[in-house]
Amino acid sequence: MIVQLRLLAMTAILTVLIWVSADSLVTEVATIAVSFRASPATNMLVQLNSPVDRHEVQVSGPRRTVEAVKGRGTYSVRLPIDDRPTGEAVLPLDRFLLKREMSEQWSEFRRLSVVSIEPNMLPIIVDHMTNVEVEVAAKRLTLSYEVEPQLQRSSVSVRMRDSVIQTWPTGQPLNIDVSQELERLLKDQPVGKSVTLRVGLDARRFGADAEISPNAIEMTATVRAQRTAQRIPTVPILVAMSFTGLDRPVRAVARDGSPVTLVTQAITVTGLTDDVMRLVRGETRAYGIIHIKEDDFQEMGVLKLAVPEFHLPKGVELAGDVAPIEFQLLPRSTTSSPP
């Protein structure tokens, strides 16, 4: 009885061993989905340019192992890429390299073979980051300066993509013109006084991922006060009697009999731009005065020339000579025409 039980046990064990061995000898083929991520060997920049998001990889091996890897969805696999020149390239996908990379991440693939990869090529775009010395200058200044801007340094280092450098016109040096940003900062600074400002440098014009070191420079300048000249077309001319003549019945008229109090004259003024433009806009006023003196009362009815004395806003002055005004004094009761 005991002998029979031993034989039955041995038979069962051998059956299991034969079944397991037979199962391991059965080879099955399956297709799995793989997406690649670039792993450059150097600090180069690599962008995958494949028209498909994933590749179909056919694997073969023991049935149970194949069944285990089939249900895991898309595998993300590191793809080593050796250093190569900037530009577009197409990599052939090596199935032995793929097996090695997948085996390092998933132990099941050590028992599997990679049969094929479809598509078996991978387009990529390669770029490199390069340090370039770039000139810094202020070449398009519009303000007037007593002391023109002095930059702390004449160049900076820009770390940028090779692909951007290749688009630059041949023979044209890379440069940063800080004129616009510099004068934007200076316009609110006091004129006639030396000021030191920090001007930021914008790396965006050098493409994606560009970096500037240092990213700002100091600048010293002295801005000259801005002056301008403008013509004021209708400035009123007033007649001012002396204190002793206030009670005299006289009037000042032009040759044609029109009251001199209604006369206007065009003048040209100069001064600080802000002061002059306030006068042009009517925010401040200008007027002229003709002073009637005691001697003028002794020459009633005689045409005379008088240069008005102009009163202008602070900071504004006449530019050039002023035309004289012709007038005569007549008694208020006189109605005859002037000679």
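Quick notes
- Residue, farthest from the chain's Cα centre (by Cα), within segment 214-235, restricted to residues that are among the basic types (Lys, Arg) and assigned to a strand (DSSP E or B): 231
- Residue in segment 75-96 that is more than 46 Å from the chain's Cα centre (by Cα) and either outside the structural domain of residue 162 (by TED's automatic domain parsing) or aromatic (Phe, Trp, Tyr) (or both) present: yes
- Criterion (surrounded by 12 or more Cβ atoms within 10 Å (Cβ to Cβ) and either modelled with pLDDT of 90 or more or over 30 Å from residue 125 (Cα atoms) (or both)) met by exactly one of 224, 205: 224
- Restricting segment 99-126 to residues that are among the hydrophobic types (A, V, I, L, M, F, W, C) and surrounded by fewer than 18 Cβ atoms within 10 Å (Cβ to Cβ), the residue that is farthest from residue 34 (Cα to Cα): 125
- Taking segment 127-151 as the range and being closer than 25 Å to residue 190 by Cβ, assigned to a loop (DSSP other than H, G, I, E, B) and over 22 Å from the mean Cα position of the chain (by Cα) as the test, only 144 passes.
- Counting residues in segment 176-188 that are farther than 30 Å from residue 60 by Cα, assigned to a loop (DSSP other than H, G, I, E, B), in contact with a strand residue (DSSP E or B) (Cβ under 7 Å, 6 or more places away or on another chain) and among the aliphatic types (A, V, I, L, M) gives one or more.
- Residue pairs whose Cβ atoms lie under 8 Å apart, separated by 6 or more positions or on different chains, with the first residue in segment 79-108 and under 20 Å from residue 58 (Cβ atoms) and the second polar (S, T, N, Q), are 79/39; 92/120; 93/120; 95/116; 99/113; 108/65.
- For segment 30-48, residues that are of a type outside the set (Gly, Ala, Ser) and either free of Cβ contacts under 8 Å to residues at least 60 places away in the same chain or more than 18 Å from residue 161 (Cα to Cα) (or both) total 7.
- Some residue of segment 198-210 being of a type outside the set (A, V, I, L, M), more than 30 Å from residue 187 (Cα to Cα) and not assigned by TED's automatic domain parsing to the domain that holds residue 325: yes
- Filter result for residue 275 (under 28 Å from residue 226 (Cβ atoms) and without any contact (Cβ under 8 Å) to a residue 60 or more places away in the chain): yes
- Those residues of segment 246-281 which are at pLDDT below 80, within 21 Å of residue 322 (Cβ to Cβ) and surrounded by 13 or more Cβ atoms within 10 Å (Cβ to Cβ), in sequence order: 260, 261
- Residue check, residue 311 touching a strand residue (DSSP E or B) at 6+ places or on another chain (Cβ under 7 Å), surrounded by fewer than 14 Cβ atoms within 10 Å (Cβ to Cβ), more than 27 Å from residue 224 (Cα to Cα) and at pLDDT 80 or above: no
- The residues of segment 278-320 that are closer than 19 Å to residue 233 by Cβ, part of a helix (DSSP H, G or I) and either in contact (Cβ under 8 Å) with a residue 40 or more places away in the chain or more than 42 Å from the chain's Cα centre (by Cα) (or both), listed by number, are 279, 280.
The values are calculated or read from the model by the stated rules, or taken from the named source; none is laboratory data. Note that this is a predicted model, so its numbers are computed, not measured. With ideal geometry, Cβ positions are generated from the backbone for all residues, glycine too; neighbour counts draw on all protein chains shown.
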